[in-house]
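Reading through the structure tokens given below for one structure.
Readers should treat all values here as calculations from the given coordinates under stated rules, not as data from a laboratory. Quick caveat: nothing in here was measured; it's all calculated off a predicted structure. Please note: Cβ atoms are built from the backbone with ideal geometry, for glycine as well, and neighbour counts cover all protein chains shown.
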Amino acid sequence: MAGIKIYHNGECSKSRGALEILEEKGVPYEVRFYLTEPLTKDELTALLDMLGMQPSQLIRTGEVLYKERFGGKDLPEDEWLQVLLEHPVLMQRPIVVKGTQAIIARPPEKVLELL
């Protein structure tokens, strides 16, 4: 079960919940604190491919930043990608990756699908 990577925001209860499940199950994992170590364009593109999502689908529309700066905007996908690169706080979380599979672990129990 090695090879689990979690894109983690320590302020997010769902993200902490997913980590707790991995701990409880004794699953080795790697944490990527994506807010302090933002993803590169290549990393984000690969992650989107694994999720089977477009950049606009990964946006957290409930965030204040989204509402104030981007709400109601109909941007092309390449611009949404740039928004995510510049404002990683807008990225859905937590994202958990195992090999070539990735999921958004909400609710946190969804992480069990990768184990």
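General observations
- The alpha-carbon of Lys5 sits under 16 angstrom from the alpha-carbons of these lysines, leaving out residues fewer than 8 places away in its chain: Lys14, Lys25, Lys98, Lys110.
- Per-pair calculated FRET efficiency, R0 = 25 Å: Thr100 and Thr61 via Cβ, rounded to 0.05: 0.35
- Rounded if a/c under 1.5, otherwise prolate or oblate - the range 34-80, Cα gyration tensor axes: oblate
- FRET efficiency, Glu20 to Glu68 (Cβ-Cβ, R0 35 Å, nearest 0.05): 0.65
- For the chain, the Rg and Dmax computed from alpha carbons only, in angstrom: 13.9, 43
- With Cα atoms defining each centre, the range 85-109 and the range 4-83 are spaced 5 Å apart in the structure.
- Angle between the chain longest axis and helix 77-86 axis [Cα atoms, degrees, rounded to 10]: 70 degrees
- Full extension of the chain between Thr45 and Glu11 gives 9.8 nm of extra length, using 0.36 nm per residue less the Cα-Cα distance.
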